[in-house]
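A short worksheet on the structure shown next.
Computed from the coordinates by the stated procedures, all read-outs in this text should not be read as laboratory data. Predicted model, so just to flag it, every value in this text is computed and none were measured. Note that each Cβ is placed from the backbone with ideal geometry, even for glycine, and that neighbours are counted across all protein chains shown.
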Amino acid sequence: MKPLLLIAALAVAAPVAAQAPAADPTGFASAADVQAAVAKMAAGMKPGQGFAYAPLVRDGATVAALEYWKAPGKPAVHPADAEYTIVIAGAGTLISGGRMVDPHTTRADLVEGSRIEGGTTRPLGVGDVMLIPAGTPHYFGITGGKLVLLGMKLARK
């Protein structure tokens, strides 16, 4: 066999170095995982507790989390973050836009107020999707016993 053909034959016959597959960075929760997390949140709420928060999947600082509301919170504004939210269970009302009355900074990422004047009111049910821009006043009311949201904050670029 000619030397060049011998080298080619050996190269083809040599085992290919095994490469480890790249780790999959995808955060994932199945429908069953979501329902189990919602049931765990409901079971863990104390009498009189109106709100619970539980991260579901994350990628560093980015978190998709469940919010379980049994009582309405205060109207809120997130100055630097948009809020993307899907209704997972229950029903409620979204009031958004307008003007926040009596605003006060609770944390660097949260301003709360006593009410919203001039906002748009929308009924909420399972499957509804909202994208609330950064700096927009919003409020979630509860109709029935609960409103469960899956949401994440999206930083303004």
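How far apart, in nm, are the 7 Å Cα→Cβ label points at Thr62 and Thr121?
3.6
Mind giving me the nanometre distance, one decimal, between the label points for Leu131 and Ala36, set 7 Å out from Cα along Cα→Cβ?
Each label point is offset 7 Å from its Cα along the Cβ direction, giving 3.2 nm.
Straight-line reach from Lys146: which aspartates and glutamates have a Cα under 16 Å away, not including same-chain ones fewer than 8 places off?
Reachable aspartates and glutamates: Glu67, Asp128.
If r is the Cβ-Cβ distance from Ala71 to Thr106 and R0 is 22 Å, what FRET efficiency results, to the nearest 0.05?
In this case the efficiency is close to 0.80.
Against the longest principal axis of the chain, how steep is helix 31-44, in degrees 0 to 90 to the nearest 10, with axes from Cα atoms?
Taking Cα atoms only, the helix is inclined about 40 degrees.
May I ask you to compute the full-extension gain from Ala54 to Ala155, defined as 0.36 nm times their residue separation minus their alpha-carbon distance, rounded to one decimal in nm? Present the calculation step by step, with values, prior to reporting the outcome.
Values: separation 101, 0.36 × 101 = 36.36 nm, distance 1.94 nm.
Gain on extension, Ala54 to Ala155, equals 34.4 nm.
Counting Lys and Arg as +1 and Asp and Glu as -1, what is the net charge of the other residues whose Cβ lies under 9 Å from the Cβ of Lys153? Spell out each step's value before the answer.
On the way: positive: none; negative: Asp81, Glu83, Asp109.
Local net charge: -3.
When the gyration tensor of the stretch 63-152 is built from Cα positions, what are the square roots of 5 times its three eigenvalues, in whole Å, from largest to smallest?
On the way: eigenvalues 78, 42, 28 Å².
Ellipsoid semi-axes (Å, largest first): 20, 15, 12.
Residue by residue through the stretch 92-104, what is 3J(HN,Hα) from phi via Karplus (6.51 cos²θ - 1.76 cosθ + 1.60, θ = phi - 60°)? Round to whole Hz and write x for glycine and proline.
Each residue's phi maps through the Karplus curve to give x, 9, 10, 10, 9, x, x, 10, 6, 9, 6, x, 9 Hz.
Could you give the angle, 0 to 90 degrees to the nearest 10, between helix 3-13's Cα long axis and the longest principal axis of the Cα atoms of the chain?
The helix 3-13 is inclined about 40 degrees to the chain.
I need the phi-derived Karplus couplings for the stretch 115-130: 6.51 cos²θ - 1.76 cosθ + 1.60, θ = phi - 60°, integer Hz, Gly and Pro marked x.
Result, rounded to whole Hz: 6, 10, 9, x, x, 9, 9, 9, x, 10, x, 3, x, 5, 10, 10.
Counting only Cα atoms, I'd like the Rg/Rh figure for the chain, Kirkwood definition for Rh. Don't jump to the answer; show the numbers that get you there.
Values: Rg = 24.5 Å, Rh = 18.4 Å.
Taking Rg over the Kirkwood Rh, I get 1.33.
What does the convex hull of the Cα atoms come to per residue for the stretch 99-148, in Å³? Don't skip to the end; give the middle numbers.
Values: hull volume 5.5 nm³, N = 50.
In the stretch 99-148, the Cα convex hull volume per residue is 110 Å³.
Taking H placed 1.01 Å from N in the peptide plane, check which residues at least 5 places from Ala89 or on another chain put their amide H under 5 Å from its amide H.
Val148
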